[in-house]
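Only one structure is covered here, and it is reproduced in the block below.
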Amino acid sequence: MSLDQAPQGRALRIVSVQGGEGVRRRLLALGFRVGAVVEVNARGILRGPLLVKNLTSETSLALGRGVARKIQVEISTNEP
Amino acid sequence: MNPRPPSVVLIGQPNCGKSTLFNALAGLKAETSNFPGTTVKHAHSLVNVEGRLLQVIDLPGTYSLNPCDPAEKVALTHLFSEKPDLIVNVVDASVLSRSLELTLELLELEQPMIIALNMMDLAEKKGIEVDIEGLEKRLGIRVIPIIARHGRGIKDLLVAAFNCLDTGCPVRAPRWSADIEERLSRLVAELHPATCVFGNCRFTAIKWLEADRSFCTEVLTEIDASLRDRIEAAKKGIEEQRQAPAYEVISAERHHLALKIFEQTSRVRRAGRLSWDKRLDELLMHPVLGYPILAAVFLGFFFLIFKIGSPLENLLLKPMSHIRGDLAALLGQGLAFHIADGLLQGIGGGMAIVLPYFLPLLVLMNILQDLGYLARAGFLLDTFMHRIGLHGKSVSPFILGFGCNVPAIVSTRILESRRDRVITSLLIPFIPCSARSTIILALVAVFLGPAWALGFYFFNILAVAAVGRLLTLFYREPSPGLILEIPSLKSPSPRTVLQKTYMELRSFLRFAWPLLIAGSVVLSLLQFVRLDRVLNSALSPLVVYGLGLPKELGITLVFGFLRKELSLVMMLQALGVGYGDLLSVISPPQILVFSVFVSFFIPCLSTFAVLWREMGRRVAFLSAALSIAAAMIFSLLVRLIF
C-alpha cells in the first residue's frame, strides 16, 4: 500500500520509492530508503501533509500527500 | 605569526547544533563583526583563542556534499577550492548512525578533520553510550564530545583543533565493498590530475558517479568530453551489477558502513525516549488543537512585545523631551541647535522608540526558533499555503520575515524549486519586519489602541495571501510536493537565545542606528537651509492630495527606503512635536494611513539589495514595483474607509 493510505501509529517498512529522481534523492538523503522502518504520526486536516517518523534514522518529516503516495510500504512485523 | 589566520570550517547536518557551536566560538572573543546569514553567504568570524587567531566559517547544514546542486555549490566552494586548514564536522550524538553518513563523505575529501560530537546530554538521555576511543580508531580522526548549548567541551575542541593545525592529522578515505572499489579505482586511474576539480581524484570520481545528468555533465564536457563516456560506462557497470542507480548504490555503501561503525562503537541501553517532549509535540502538531495553539502563540507574541515595549518607551521618552527643551534654551535656533537636535532625535529615537519593541521581538523570535516551532507551523499551515500556490516549507521563511526580511529571503534557499523561491521572496517584503512592527506598535497600537494594531497584522496577512494568489496566476507550473524535516523539540537554551540576540542587536547598533542618527541630522540640516520645503512641495501631490497627510511628512517617506524606522523617527522631527503631543498635529486616521504607506512602500535598502543578490535584478525591481503599487492602493483604501 502507499504511505498516504497506511494506518497511523504502526511500524511500516518501505518497499519502494517511486517518483522523479529529484524527489528520490532528497528522500534518500533524509534516510527514507528501501528497508527503513517508518511510522505515520499525524495527518493534517483538509488533505494536509502527513507527519512521518523514520524509526531507523530518527528523522521526522512532513510529507505532502503527493509525495507520500509515491512511497510504498508494508506493515513491519518486527520493530527496528 | 602567520600572515593569514588558519581557516576552520564547521560543517554538519541541519539541526546538529552547528550554529550554536559557532556562536559559542564567536562569542568567546570575536575580533571583528560577524554577519549571521545576511551580508555574506555564510557566517564567519575571526576568533582569538589565547593569543592565536582562527578564521571560523559556519556553512549551512547539509545531508550530503553535492557540488552539482547549484544551491549547495556556493557554500561548498569553501571545501573544494579554498581548501580550509581544518574541517570540524559537527555531529549530533543522539542521531549518530545517520550523522556518520556525512562524516564518511567528508573523510573522502582526505583533508585535515576532527569531529565535534555534540548533544552528548541528549544522547545520554536517550540511552546512547558512545565509545569515543573506538570511534576515533574506526574513523582515524579525533572525536571530541561537547555540549555546545552549555559551552561544555569547547576548550578541548580548540586544543584538538590547534593540535591538528600544528602537527597535521592525516585522513584516509573509507573503503567500500570490493566490487565498487574496483570500478572506482579503475576510473580514478583514468582521471588526469587536472580534471580532479573537487578536492582529490577519488572524491571527484565519486562525485561524477553520483551526479545526475543535468548540471554536472555540462561542467564535465567543458573539461574533457571523452571522460564523459568513460564515466557513463562505469556508472552503467555499477547499475547492472547492483540493479539500482549508481547514486543509490554509493549512498547505500555509506549507509551500511555508517551503520556498522555505529553498531561497533555505540550501545543503546534502553529504548524509548523521555516523554515530555513527545507529548508536547503531539499537542503542538495535533490536526485540530494545533491551530488554536498556533493562534495563541502569535497573539501572545504580539501582546508580550507590546506590554513590554510600551511602558519602556514612555519611561525612556520623558528625559528626551527635557533635554530637547534645555538644548533649545542653551543653543537658540542656530545651526548648532539644529545639529544637536538632529543628533538627539536620532540617538534618542533609536533608543527610546525602536529598542523597546525591537529587543523583545528579537528575544521571542529566537526562542521560537530555538524551540523548533517554525517547522511545526509549516506542517500546520501547509494546507493553507497550497491555497496561495506554495507549501509548508515557505512558512519558516515567512515567520523569519517578522524578525527581518533580509535573512528571511536568504533562507528561501531551502526551497527546491526556483518558482517557489521567486514567489516566496516576492511575498516576504510584505511581511511586517521588526522595523515595521515598531512603527505599527509605536503609532497604531499607542494612538489608536492594540486592537487596531492587531487588525493591522490581520489585514497584512490577508494582503500577503492576496498578492500570493495574484503571483501564482503568472507562475502556473505546480509546486513540487512538500518534504520538510521536523527537528526534535528542544527546550530553548537561554545561552543560545541571548547569544543570538546579542549578535543581532550588535548589528543593529553598528549598522541601523548610525543610519538613524545620520538621517536625522541630514533632515535637521535640510530644515536649517530650508531645502526640506522644496522637496516636500515636490512630493505634495502624492502626500497631501493622495494620502491626505501633512505636507511635512513627504520627505520622511522617501527616507524610509533606507530603513523603515527612519520614517518614524523623522516624522516627529519633521512635524516638530514630541511623541506625546503627536495627536495635536495629526489625526488617528492620518496615523493609520502613514503607517500603512510606510509599511508597504518599497522594500528597505537592505532587503532590495539581498533580493537583487539572491534572485536577480528582475525580481528586485518587480518587488519594488509591487510594493509601491500595494502601498498606493492600500493607503488610498484606508483613507477612503476611515
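Straight-line cross-link reach from B:LYS155 at under 30 Å between alpha-carbon atoms covers these lysines, not counting any fewer than eight positions away in the same chain: B:LYS18, B:LYS29, B:LYS41, B:LYS83, B:LYS125, B:LYS126, B:LYS137, B:LYS490, B:LYS500. Here is the tail figure for the range B:283-375: Cα pairs spaced more than 21 Å apart come to 52 percent of all pairs. Full extension of the chain between B:VAL188 and B:ARG175 yields a length gain of 3.3 nm, computed as 0.36 nm times the residue separation minus the alpha carbon distance. A simple spin-label model places pseudo-atoms 7 Å from Cα toward Cβ; at B:GLU110 and B:PHE458 they are separated by 6.5 nm.
Counting every other Cβ atom within 10 Å of each residue's Cβ, B:MET571, B:MET632 order from fewest to most as B:MET632, B:MET571. Summary of the geometry: the range B:119-176 and the range B:361-439, compared by the centres of their Cα atoms, lie 35 Å apart. P(r) tail, the range A:3-75: Cα-Cα pairs separated by more than 18 Å, 26% of all pairs.
The Rg/Rh ratio of the range B:450-523, with both radii computed over alpha carbons and Rh defined as the Kirkwood radius, is 1.14. Ranked by the mean number of other Cβ atoms within 10 Å per residue, highest first, peptides B:481-488, A:48-55, A:20-27 order as A:48-55, B:481-488, A:20-27. For the range B:493-587, the normalised intensity computed at q = 0.11, 0.15, 0.23 Å⁻¹ comes to -0.41, -0.65, -1.17 (log10 of I(q)/I(0), Debye sum over alpha carbons, equal scatterers, no solvent). Computed from Cα atoms, the angle from the helix B:96-107 axis to the main principal axis of chain B rounds to 80 degrees.
What FRET efficiency comes out for the pair B:SER417/B:HIS150, r = Cβ-Cβ distance, R0 = 45 Å, nearest 0.05? Please report the intermediate quantities before stating the final value.
Details: r = 39 Å, r/R0 = 0.87.
FRET efficiency, B:SER417 to B:HIS150: 0.70.
Assuming R0 = 60 Å, what is the FRET efficiency of B:LYS236 and B:PHE384, from their Cβ-Cβ distance, to the nearest 0.05? Calculated value: 0.85.
Quick check: the angle from helix B:225-242's long axis to the longest principal axis of chain B, C-alpha only, nearest 10 degrees? Between the helix axis and the principal axis of chain B, the angle is about 70 degrees. Evaluated at 37 °C with a viscosity of 0.692 mPa s, what Stokes-Einstein diffusion coefficient in µm²/s does chain B have when Rh comes from the Kirkwood expression over alpha-carbon pairs? My calculation gives 120 µm²/s for D.
Dividing the radius of gyration of the alpha carbons in the range B:569-642 by their Kirkwood radius gives 1.11 for Rg/Rh.
I'm a student and want to see the number: the projected area of the Cα convex hull of the range B:432-565, averaged over all directions, in nm².
Mean shadow area of the hull around the Cα atoms is 13.3 nm².
Given the DSSP H assignment, sum -39500 (n - 2.57) over each helix run of at least 4 residues in chain B and divide by its residue total; what's the result at 222 nm in deg cm²/dmol, nearest 500?
Numbers: 29 runs with 393 residues, N = 642.
Helices in chain B give a 222 nm mean residue ellipticity of -19500 deg cm²/dmol.
Thinking of the range B:85-232 as a set of Cα atoms, what percent of all their pairs are more than 20 Å apart? Result for the distance tail: 56 percent.
Taking every residue in A:24-37, how many Cβ atoms of other protein chains lie within 10 Å of its Cβ, on average? Don't jump to the answer; show the numbers that get you there.
Details: counts 3, 9, 5, 1, 8, 10, 7, 6, 1, 4, 3, 2, 1, 0.
Whole-number average of other-chain Cβ neighbours for A:24-37 is 4.
Once you wrap a convex hull around the alpha carbon atoms of the range B:282-335, what is its projected area averaged over all directions, in nm²? Write down the numbers at each step before the final one.
Values: hull surface 23.8 nm².
If you wrap the Cα atoms of the range B:282-335 in a convex hull and average its projections, you get 6.0 nm².
Compared with the dominant principal axis of the Cα atoms in chain B, helix B:617-641 is inclined by about 40°.
Here, the protein assembly as shown is characterised by an Rg to Rh ratio of 1.00, where Rg is the alpha-carbon radius of gyration and Rh the Kirkwood radius. The alpha carbons of the range B:424-469 occupy a box of 32, 18, 8 Å along the principal axes, longest dimension given first.
I need B:VAL522, B:VAL422, B:VAL585 ordered by Cβ neighbour count within 10 Å, fewest first. It would help to have the intermediate numbers written out before the result.
Working: B:VAL522 16, B:VAL422 21, B:VAL585 12.
In order of increasing Cβ crowding within 10 Å: B:VAL585, B:VAL522, B:VAL422.
For B:MET351 and B:HIS286, the difference between the fully extended length at 0.36 nm per residue and the C-alpha to C-alpha distance is 19.3 nm. Per-residue Cβ neighbour counts within 10 Å put B:TRP208, B:TRP276, B:TRP612, B:TRP513 in the sequence B:TRP276, B:TRP612, B:TRP513, B:TRP208, beginning with the fewest. The mean count of C-beta atoms from other chains within 10 Å of the C-beta of residues in A:47-59, rounded to a whole number, is 5. Peptide B:476-486 shows a mean partner chain C-beta count of 6 within 10 Å per residue C-beta.
Quick note: the coordinates plus some simple rules give every number you see, no bench work behind them. Keep in mind the model is a prediction, meaning the values are calculated, not measured. Backbone-built Cβ (ideal geometry, glycine too); neighbour counts: all protein chains shown.
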